[in-house]
Amino acid sequence: MFKPGFVCLILAVIALGGCATDQMSSISGASGVQSTVLLKSSTSWDGMPYDAYPAGIPELTVLNIKIPANTALNWHEHPMPNAAYVVSGQLTVETLEGGQSILLKPGDVLPEMVNRQHRGLTENTAVELVVFYAGTPGMPLSSSQRDK
């Protein structure tokens with residue numbers, strides 16, 4: 001599946017934000033190690049700025065999500081910044097309000113929306129994602145319209 005170094009790189013990019021480039025450059029000088037920043041963003045994919053991380057003790061959660069072909073996820077929102085890495089397949093993400101959408105392919109990294117309803121749609125192939133959430137202990141990773 002994933003090499004431990006790859007997951008560490010992604011976590012460093014997500015968790016360290018602006019520090020990731022400096023931290024990774026000192027690591028990459030060792031014995032042929034290479035690093036590439038896959039995502040560095042202070043806004044979600046639709047251009048909305050992130051206000052702040054949730055207050056409290058940080059808790060990182062990393063999920064491997066597999067979505068079958070021809071699936072429409074429920075409309076949902078996230079209460080904290082998070083990012084999704086597309087391992088395989090193609091996923092369209094769309095907003096409930098405003099009708100914005102983006103098509104994601106393998107290798108794409110998406111800075112997800114916070115507190116805005118959206119959903120993912122697959123076509124004729126399944127999709128595999130690795131999603132990194134930066135929340136606090138006990139914080140739900142998402143909520144759907146029916147949760148409210």
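Some observations on this one:
- Efficiency of FRET between Thr61 and Lys105 - r from beta-carbon atoms, R0 30 angstrom, step 0.05: 0.80
- Protection proxy ranking, peptides 94-100, 111-117, average beta carbon neighbours within 10 Å, highest first: 111-117, 94-100
- Per-residue HN-Hα couplings for the range 124-140 [Karplus 6.51, -1.76, 1.60; θ = phi - 60°; Hz; x = Gly/Pro]: 7, 10, 5, 10, 10, 10, 10, 10, 10, 10, 10, x, 9, x, x, 6, x
- Peptide packing for 55-67, 78-90 was compared via the average number of neighbouring C-beta atoms within 10 Å per residue; ordered from the highest value, the list is 78-90, 55-67.
- Under-5 Å amide H pairs with Asp108, H placed in peptide plane, nonlocal only: Val86
A short reminder: the numbers here are calculations on the coordinates, not readings from a lab. This one's a predicted model, so the numbers in the text were calculated from it and none came from an experiment. Backbone-built Cβ (ideal geometry, glycine too); neighbour counts: all protein chains shown.
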